[in-house]
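Comments concern the structure below.
The values are calculated or read from the model by the stated rules, or taken from the named source; none is laboratory data. Note that this is a predicted model, so its numbers are computed, not measured. Neighbour counts run over all protein chains shown; Cβ positions are idealised from the backbone, glycine included. Remember, those area values only see protein heavy atoms, side chains included, never the ligands or the DNA or RNA. Shrake-Rupley method; radii C 1.70, N 1.55, O 1.52, S 1.80 Å.
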Amino acid sequence: MSRRATAGITGLAIAVWILVSEVDLSPHQRISDLPVYEEVARRVTGGDVPFRDFDVEYPPLAVGLLTLPRLLPMQFSSSFSLLMAVAVCATALGAVATARALGMSTRRQLAAGGVVALLPVLLGDFVQTRFDLAVAALLAWMLWAVAGLRWRTAWALLAAAVA
């Protein structure tokens with residue numbers, strides 16, 4: 001895939017993310033995990049050790065992912081949204097790479113990336129307030145590794161997604 005197509009898929013994913021962030025496409029009661037994530041991040045950056053000093057219901061690598069937005073110089077919710085925007089871009093590009101590895105046409109590669117880039121419209125604030133997109137990105141790239149018979153990489157990505 002060309003750099004232009006990669007930039008196009010990335011641009012689409014970012015535009016959709018901004019749209020979903022700014023426009024409430026499906027009015028409903030919002031349920032957010034962000035306060036829980038922020039509390040975990042606050043405790044970790046305050047020196048507490050997860051699983052020893054406080055209980056965490058998430059896998060161990062999730063704690064690092066949840067702490068990262070607190071280290072950025074903006075509000076936690078904005079930092080987390082930025083992190084998930086990067087994750088949706090990585091997921092879309094992983095779908096494109098997987099389609100390429102499977103020998104699909106350029107049109108189908110673009111369709112795969114485009115569908116993934118548009119998913120936040122369907123899922124709305126659900127994807128903005130949970131860390132599932134980071135796991136989805138790892139799994140998208142794991143599928144690319146499987147399609148390319150890169151077994152060690154595939155197992156490493158699967159292990160990271162589970163952890």
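Grab the DSSP H runs of the chain that are 4 residues or longer, score each as -39,500 (n - 2.57), total them, divide by all residues and round the 222 nm result to the nearest 500 deg cm²/dmol. Don't skip to the end; give the middle numbers.
Details: 8 runs with 120 residues, N = 163.
Only helices count here, giving -24000 deg cm²/dmol.
Which FRET efficiency value, to the nearest 0.05, is calculated for SER77 and ASP53 with the Förster distance at 22 angstrom and r the Cβ-Cβ distance? Walk me through the intermediate numbers first.
Details: r = 25 Å, r/R0 = 1.12.
According to the calculation, E is roughly 0.35.
Would you mind telling me the share, in percent, of accessible area of the stretch 27-111 contributed by carbon and sulfur at probe 1.4 angstrom? Walk me through the numbers before you get to the answer.
Working: 2860 of 4930 Å².
Ligands and nucleic acids excluded, carbon and sulfur reach 58 percent.
For the stretch 75-95, list residues with backbone N below 12 Å from a point placed 7 Å from the Cα of ALA147 toward its Cβ?
Once the point is set 7 Å along Cα→Cβ of ALA147, 92-95 turn out to lie under 12 Å by backbone N, inside the stretch 75-95.
Over all directions, the average projected area of the alpha-carbon convex hull for the chain comes to how many nm²?
Numbers: hull surface 42.0 nm².
The directionally averaged projection comes out at 10.5 nm².
Shape verdict for the stretch 45-89, please, from the Cα gyration tensor: rounded (a/c under 1.5), prolate (a/b greater than b/c) or oblate. Could you put the intermediate results ahead of the total?
Numbers: a/c = 3.23, a/b = 1.64, b/c = 1.96.
Oblate shape, in that a/c is at least 1.5 and b/c is the bigger or equal ratio.
What helices does the chain hold that run 15 Å or longer along their axis, going by alpha-carbon atoms, with a Kyte-Doolittle average of 0.0 or more, using DSSP H for the helix calls?
Details: long enough: 3-22 (28 Å, 1.02); 34-45 (16 Å, -0.12); 60-71 (18 Å, 1.35); 76-101 (37 Å, 1.50); 106-123 (26 Å, 1.19); 132-147 (22 Å, 1.94); 151-162 (16 Å, 1.15).
Once both thresholds are applied, what remains is 3-22, 60-71, 76-101, 106-123, 132-147, 151-162.
Put a dot 7 Å past each Cα toward the Cβ at ARG108 and ARG4; how far apart are the dots in nm?
Using points 7 Å along Cα→Cβ, the separation is 2.3 nm.
Give the residue list of chymotrypsin sites (Phe, Trp or Tyr not before Pro) in the stretch 1-99 that are DSSP loop and have at most 14 other beta-carbon atoms within 10 angstrom.
Sparse-neighbourhood loop chymotrypsin sites (Phe, Trp or Tyr not before Pro): PHE51.
Cα convex hull of the stretch 115-163: how many Å³ per residue?
Dividing the Cα hull volume of the stretch 115-163 by its residue count gives 61 Å³.
Please name which of GLY11, SER81, GLY46 has its Cα lying farthest along the dipole of the stretch 1-103 towards the positive end, using unit charges on Cβ (Lys, Arg +1; Asp, Glu -1) and the Cα centre as origin.
GLY11
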